[in-house]
Amino acid sequence: MTSGTLLQQITDYANRADPYPFYAELRSTPVARQDDGTYLVGTYYEISGLLHDPRLSSDPRNLADRRGRLTEEEEAGLPPSFIRLDPPEHDRMRRLAMRAFGPPHNPRRIHGMRGELLRIVTDVIDELHGKERFDLVDDVAYPFPVTVICRLLGVPREDEPRFHDWADDIVGGLDLTPGQDFTERQRTAQRARVELGGYLGGLIDQRRRNPGDDMLSALATDQGPDGRMSPIEQITTAVLLLIAGHETTVNLITNGMLTLLRQPQHLERLAKEPDLAVPLVEELLRYEPPVQILPQRVALADIEIAGTVIPAGAPVWLALASGNRDPRRFPDPDRFDPDRQDNQHLGFGGGIHLCFGAPLARLEAQMALTELSQRLRNPRLLEDPPPYRRSPILRGPRHLPVAVDGTQEARPTP
């Protein structure tokens, strides 16, 4: 295989269950130019440097050759979300979004949700009572974080099935399997983005007239030093928060249980040592990160890395999952080790685009995996490898069939 075909192999659905041999090959060259002109970066220190390099843009409109292609937001008639913007616009939008979510304006918001999160995950696992087989994705890993993000944003829970379909269609637009016609998939994703944007826009209008204590109300009414988001910016940000607020956490929980069921000694240890959840989730973020690749970066100037010059205007893809298993940074990187020290992984990206939802995702995964380890009796995989989602970017099982001998009663919740 040549380095120019590695991206095709990594994104090929046939390799979704185990892309790591291709990442290992990628690391033999810090920067690998692909046949389509994309520069693929797969080594830890080079990725980390680029995440903090102002010469690397997150705005695909800076591509030298767009070939008439529009971003998903442009096709839907929406402005870019802040994850696709550069400073200073990125910084303004992110600060406005952060005011409603956490520090420095609401420093206790996530901590204050601990009791509610525990009650939600307890109720979700209670629904497994009497079942000998279930799908961990559909029955636990999806309903838990989606209920959380609904309550955080202020989305009526009864509307959840509607945006479940929208989210699936939008994420489906990230399927980059070689040799396929993306036209219909992109059209479906565009339609879902427009419909979801319209739905959230209606909720934001309601909150503008009758605000509550949820994030949609804050987006609609908050007036800070940066002013206020425009109505269309509020919609774009709400779409981003709703999708990002549960899709990656679904994969984190599912990848986590798959790893633990493959190595049950760690599952048994977690059941006895709940404090292990904190380092265990950090190791999962390194070992099986839910976001495998950051695509659609653009060099704003010529950037030289390890003797290779990435020309201005060229597309750059950062393979986070590959950097997380770089032996130059992590000893014995292909081993899952919850006791690993100095675990500065790339699971949440880095730099100005570091995932600001990371504290919530961490807490949700810690609680879900701990409760599952303590309440499932003799859990075991029914299919390995399980069927995976189509996307190589947000990688995780679409279903995870599990058999159990029953469930334990929940501990009393505060």
Regarding ALA192, is this residue at pLDDT below 90 and in a helix (DSSP H, G or I)? yes
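Step by step: first the residues of segment 353-380, then only those that are among the aliphatic types (A, V, I, L, M) and surrounded by fewer than 17 Cβ atoms within 10 Å (Cβ to Cβ), then the one that is nearest to ASP138 (Cα to Cα). Which residue is that? Explain how you work it out, then say what you get.
Residues of segment 353-380 among the aliphatic types (A, V, I, L, M): 354, 358, 360-361, 363, 365, 367-369, 372, 376.
Now drop any that are not surrounded by fewer than 17 Cβ atoms within 10 Å (Cβ to Cβ), which leaves 354, 358.
Details: LEU354: 28, ALA358: 22 Å.
Taking the candidates together, the pick is ALA358.
Inspect segment 385-392 for any residue being among the charged types (D, E, K, R) and either outside any helix (DSSP H, G or I) or open to solvent by 10 Å² or more (accessible area, probe 1.4 Å) (or both) and give the result as yes or no.
Checked segment 385-392: at least one residue is among the charged types (D, E, K, R) and either outside any helix (DSSP H, G or I) or open to solvent by 10 Å² or more (accessible area, probe 1.4 Å) (or both).
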Taking first residues from segment 207-227 that are open to solvent by less than 50 Å² (accessible area, probe 1.4 Å) and second residues anywhere that are of a type in the set (Ser, Thr, Tyr), the pairs with Cβ under 7 Å that are 6 or more apart or on different chains are ARG207/SER217; LEU219/THR237
Can you tell me how many residues in segment 184-197 are closer than 17 Å to PRO79 by Cα, open to solvent by 50 Å² or more (accessible area, probe 1.4 Å) and free of Cβ contacts under 8 Å to residues at least 60 places away in the same chain? 2
Is it the case that some residue within segment 76-86 is at pLDDT below 95, over 25 Å from ARG228 (Cα atoms) and either surrounded by fewer than 19 Cβ atoms within 10 Å (Cβ to Cβ) or touching a Lys or Arg at 6+ places or on another chain (Cβ under 6 Å) (or both)? no
Of the numbered conditions (1) touching a Phe, Trp or Tyr at 6+ places or on another chain (Cβ under 9 Å); (2) open to solvent by less than 10 Å² (accessible area, probe 1.4 Å); (3) over 21 Å from ALA32 (Cβ atoms), ALA321 fails exactly one; give the number of that condition. (3)
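With ALA306, ALA277, ALA301 as the choices, which residue is open to solvent by less than 30 Å² (accessible area, probe 1.4 Å) and out of contact with any His (no Cβ under 9 Å at 6 or more places or on another chain)? Steps first, answer last, please.
Working: ALA306 fails: open to solvent by less than 30 Å² (accessible area, probe 1.4 Å); ALA301 fails: open to solvent by less than 30 Å² (accessible area, probe 1.4 Å).
Sole residue among the options that is open to solvent by less than 30 Å² (accessible area, probe 1.4 Å) and out of contact with any His (no Cβ under 9 Å at 6 or more places or on another chain): ALA277.
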Whichever residue in segment 1-13 is out of contact with any strand residue (DSSP E or B) (no Cβ under 8 Å at 6 or more places or on another chain), of a type in the set (Ser, Thr, Tyr) and outside any loop (DSSP other than H, G, I, E, B) and, among such residues, is surrounded by the most Cβ atoms within 10 Å (Cβ to Cβ): THR11
Residues being in a loop (DSSP other than H, G, I, E, B), open to solvent by less than 10 Å² (accessible area, probe 1.4 Å) and among the aliphatic types (A, V, I, L, M): count how many of those fall in segment 14-55. 0
Residue match in segment 229-248 (condition: open to solvent by 10 Å² or more (accessible area, probe 1.4 Å) and at pLDDT 95 or above): no
Residue in segment 133-150 that is at pLDDT 95 or above, of a type in the set (Lys, Arg) and not in a helix (DSSP H, G or I) present: yes
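The values are calculated or read from the model by the stated rules, or taken from the named source; none is laboratory data. Note that the coordinates shown come from a computational prediction; the quantities given were computed from them, not determined experimentally. Cβ atoms come from the backbone with ideal geometry, glycine included; neighbour counts cover every protein chain shown. These area figures cover heavy atoms from the full protein model, side chains too; ligands, DNA and RNA do not enter into them. Shrake-Rupley method; radii C 1.70, N 1.55, O 1.52, S 1.80 Å.
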